[in-house]
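Everything below concerns the one structure shown next.
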Amino acid sequence: MPDFCNPYSFVPTPKRGHLDKGSFPGDYDPSKSEKGEDHSRYWKGCYTGIIPVKLKVRTPLFITKPNSGRPHENIPDHKVFDCHETIPPTALKGMLRSAYEIITNSRFGVFNKKQHQKRLGFRKAANGNPLIPARVILENGNWKVELFRGTKNEAGFANLADLNTAWLPVNYDNDGNCVTPLPVSGEMVHGVTLRLHKHTNNNKNIFNTWVVTDIPGYSLRKIKDNLEPLDQEKIVSGYVVVSGRTIGNKHDERFFFGDPQTIDIEKVKSAYEELIYDYQELHRDGNLPPGSKCRHGAHITEEERRKLRHGEFVYAKATETTVEALYPVQISRELYNVSPLDCIEESLLPPESLDNLSPGERLFGWVNQKGSGAWKGKIRISEPHWIGKRRSPVESFKEPVPLAILGAPKPAQVRFYLGDDQGNPQKGHQTKERAGYSNNKRLRGRKVYLHHKVVAGGENENYWQSPWQDRTTKNVEGMYQEYRQPGGNGERTKQNRSITGWMPRDTEFSFDIYVENLTPEELGALLTLLSFDNTKDLFRLGYAKPLGLGSVSLSLNLGDKEVLNVCENESLRQSYADLRKNSRGLSATARKRLMVRYKRCIAHAYGEESIAEGSENNSSESWRELDFLTDLISSDELQKEFASLWNQSLAEGEETFSMESFSENEILEELLSEGQKPLIQKAYEDDLKLMFQALENDGGWKKLPFIASFLTSLEGNEHPVHYPRKTNGRSGEIFEWFKENEKKSKLSLPEIGKPFSED
């Protein structure tokens, strides 16, 4: 297999149970007045203002225009969509919230407990113990099954192979439907003739089986040539069971017969219904391999099958006295022992009360999905403004471009979605059952889409040009056209979409983030997201992210200004109290200082290293080390005032400390000797030096696994990014790679940014 990166991967989610309640990384109720950050007023120590942001499109961006989906003029099942001419603020907020949740290791903003509490299934090996045919019956409110063991327990047949059903020869049409006239399924049929046959299959798979040779009043298909008739023959009663050609080489239906044995199934009924739910969720797109002449069974296509029904035909795993499990088909899926919900720590699940709001909910808002309770977020985003001279930011195509097929999430793919006990990639060469959901496994983390670095830069300028031209079979500058569906009959189907345009690279938008009562750590985390390298650390936005679309950069849009119009609330209070004073915004140094404060907090919570001494607390207390100054300033209020001026000067990065704003400056100037003034300046310069050292040292923040993984997803790497396939070119289907992987290496999804490799 060629080296490549999967389009999606996972950012690890460390456990949060150890975090202190009330701390920034931990959980608490922000509406309590003692926290000093609710919406009742501007709280001292919090920040309020406007953050201007510039967004630049680095790979083409497609935002679906509302109500634009329409059938293709020649292919009604295929939908065509137009690109929105702006970016909805909700889309920007969702992108920022997702990133913010990652860098603060917040609770999952979205996690459907009802859906994920259901166990998932895996396909059992075909060489397992044979299942017993059964028919469900409901008697006086009690659920039972009739087991049909055929001739399995009859004298003379004990040493033969699986004889608990008989083969029923039929013909199928091209869609896999049975076209041989047969009795109505579910009604008992009498006088059916069975004959024992030997199955040879080129002498590789020899066994004996019963075959239906006659049903009174019906004409059956000719029996297959590799079935050799034997002397044994029986006349029986039983049920015709037809499911259609559900596998490619299926040639017969089944006939259930034998003396029925009735056994209670109340204990396994819910597990069976859970299995049917898993089947239908796995196949909800209704897709079959291209060119397939098969059809999905009724247990997949009929939603009413999610509830067990009287008269339904199933297969049972049973002893002589007990039914241990029910299955819809002979070679069935099996449920794992636990559900995805059981493989995630409780402290990562969405909160169900105000007391358990994590950083993500406290900043962006929360609504209780299981009862009363809500918290209004501290952030809102303006309508983006397009920066451009064309009539529209959207580049229209000559003709609709069919995008490659995008698959739905498949958490049943345990080698991708499930990790070991720490959430790390599982070892290869494990069976599906061993690699599956169990109590000693954890989900891999938060799903993210990798930036397609190899096609984002100017060196691959032709990659995004003329997208309506089919270049999927051409290797252009080391890359195939991944975003487009290959031409031919499968170019436009109900499985993929076409788009009429997109926002091209270098399109720019500006928008404002309005913040209110943000704590220093909250503002520091938000500023961190807006201070990445905007040429290589790219966020993902819009549709078709797995195909490389939607990489965008974010940066502060300050223009010629150096100061950000976000103020500490005390500064706002003073400006309102005295109109002669202007509230002071945040300089570059002040912004960096807030980012350090956030990074310190996260590094301390999840890592062993700590940010260099002297970053925040030490600089705010250094003035107290000057004993002579403490003696001179005897008033607590004056000491606090002096400390505030000291820290404000540090935040602005001023090289010298000026005491001119100190209310008692004239008295202090008279008391200080000429030798003491340089000591004050030296202490200030030492504080300034320590602060800049702290800005350069993030204390291991970048080394935290979840931070390092997130940064990798933003930057991408030099490997091609696409869904798994067996060849370098666009030929071959995804399922073929998975089939081969399951037979051979049984590889798990590597750590984020690392490619699948032949090695």
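Using only Cα atoms, what Kirkwood radius does segment 447-597 have, in angstroms? Mind showing how you got there, number by number?
Working: mean 1/r = 0.0520 Å⁻¹.
For segment 447-597, the Kirkwood estimate is 19.2 Å.
With all protein chains present and a 1.4 Å probe, how do Ile680, Ile667 order by accessible area, largest first?
So, going from the largest accessible area down, we get Ile667, Ile680.
Where only protein heavy atoms count, and the probe is 1.4 Å, what is the accessible area per residue for segment 421-474 in Å²?
52
At 1.4 Å probe size, with the rest of the protein present, what percent of the exposed accessible area of the chain is carbon and sulfur atoms?
Exposed carbon and sulfur together represent 46 percent of the surface.
Where in segment 1-44 does the amide nitrogen come within less than 20 Å of the point 7 Å from the Cα of Glu740, taken along Cα to Cβ?
1-8
Relative contact order of the chain, please, whole-number percent, based on alpha carbon pairs below 8 angstrom and at least 6 residues apart.
Worked out over the chain, it gives 24 percent.
Please work out the average accessible area per residue across segment 197-327, using the 1.4 Å probe convention, and give it in Å².
53
Go through Lys494/Lys739; Lys474/Lys726; Lys93/Lys561; Lys599/Lys703; Lys32/Lys378; Lys93/Lys118 and tell me which ones have a Cα-Cα distance over 19 Å in this structure.
Working: Lys494/Lys739 24 Å; Lys474/Lys726 17 Å; Lys93/Lys561 25 Å; Lys599/Lys703 11 Å; Lys32/Lys378 15 Å; Lys93/Lys118 30 Å.
Those over the limit are Lys494/Lys739; Lys93/Lys561; Lys93/Lys118.
Would you rank Lys56, Lys44 by solvent-accessible area, highest first, keeping every protein chain in place and using a 1.4 Å probe?
So, going from the largest accessible area down, we get Lys44, Lys56.
Cα axis of helix 266-282 to longest principal axis of the chain: angle in degrees, 0 to 90, nearest 10?
70
Enter the Cα centre distance for the pair segment 216-286 and segment 330-357, rounded to the nearest angstrom.
Each part's Cα centre sits 34 Å from the other's.
With a 1.4 Å probe and every protein chain left in place, tell me how much accessible area Glu751 has, in Å² to the nearest 10.
Spelled out: Glu751, probe radius 1.4 Å, area about 90 Å².
Between Gln465 and Lys410, take the C-beta separation as r, use R0 = 45 Å, and let me know the FRET efficiency to the nearest 0.05.
0.85
Just the accessible area for Tyr480, please: 1.4 Å probe, Å², rounded to the nearest 10?
Number for this one is 40 Å².
Have a look at Pro359, Ala404, Gly388 and report the one farthest towards the positive end of the charge dipole of segment 315-418, computed about the Cα centre with Cβ charges (Lys/Arg +1, Asp/Glu -1).
Gly388
For the Cα atoms of the chain, what angle does the longest principal axis make with the long axis of helix 676-696, in degrees from 0 to 90, nearest 10?
For helix 676-696, the angle is close to 20 degrees.
Can you tell me how much longer the chain between Gln115 and Ala588 gets when fully stretched, taken as 0.36 nm per residue apart minus their C-alpha distance, in nm with one decimal?
165.7 nm is the gain from fully extending Gln115 to Ala588.
Could you state the angle between the C-alpha long axis of helix 734-743 and the longest principal axis of the C-alpha atoms of the chain, as a value from 0 to 90 degrees rounded to the nearest 10?
Taking Cα atoms only, the helix is inclined about 80 degrees.
Rounded to the nearest 0.05, what FRET efficiency do Arg221 and Gln430 have when you use their Cβ-Cβ distance and R0 = 41 Å?
Once the sixth-power term is evaluated, E becomes 0.45.
Could you work out how far apart the two model spin labels at Leu349 and Leu672 are, taking each label as a point 7 Å from the Cα in the direction of the beta carbon, and quote it in nm?
5.9
Along the Cα→Cβ direction, 7 angstrom out, place labels at Lys234 and Glu154. What is the inter-label distance in nm?
Reported label-point gap for Lys234 and Glu154 is 0.3 nm.
Per residue, what accessible area does segment 37-121 have, given a 1.4 Å probe and all protein chains present, in Å²? Could you put the intermediate results ahead of the total?
On the way: 3880 Å² over 85 residues.
About 46 Å² of surface per residue is accessible.
Taking the mean number of other Cβ atoms within 10 Å as a proxy for protection, how do you rank 543-556, 391-404 from highest to lowest?
Numbers: 543-556: 22.4, 391-404: 16.7.
The most tightly packed comes first, giving 543-556, 391-404.
Once the Cβ-Cβ distance between Lys398 and His39 is put in as r, and R0 is 56 Å, what FRET efficiency do you end up with, to the nearest 0.05? Spell out each step's value before the answer.
Details: r = 51 Å, r/R0 = 0.92.
Plugging the Cβ-Cβ distance into 1/(1 + (r/R0)^6) gives 0.65.
Starting from the Cα of Lys234, draw a straight line to each of the lysines and keep only those under 20 Å, dropping any in the same chain fewer than 8 residues away.
Counting by Cα, and skipping residues close in sequence, Lys234 has these lysines nearby: Lys152, Lys198, Lys222, Lys224.
Compare Thr48, Thr712 by solvent-accessible area with a 1.4 Å probe and give them largest first, with all protein chains kept in place.
So the residues, ranked largest to smallest area, are Thr712, Thr48.
Once you have the alpha carbon radius of gyration of the chain, what is it after dividing by 2.2 N^0.38 Å, with N set to its residue count?
1.24
Using only alpha carbon pairs under 8 Å that are at least six residues apart, calculate the relative contact order of segment 1-145 and give it in whole percent.
RCO, segment 1-145: 12 percent.
The values are calculated or read from the model by the stated rules, or taken from the named source; none is laboratory data. Not measured: the values here are computed from a predicted model. Note that each Cβ is placed from the backbone with ideal geometry, even for glycine, and that neighbours are counted across all protein chains shown. Surface accessibility is based on the protein's heavy atoms, side chains included, excluding ligands, DNA and RNA. Shrake-Rupley method; radii C 1.70, N 1.55, O 1.52, S 1.80 Å.
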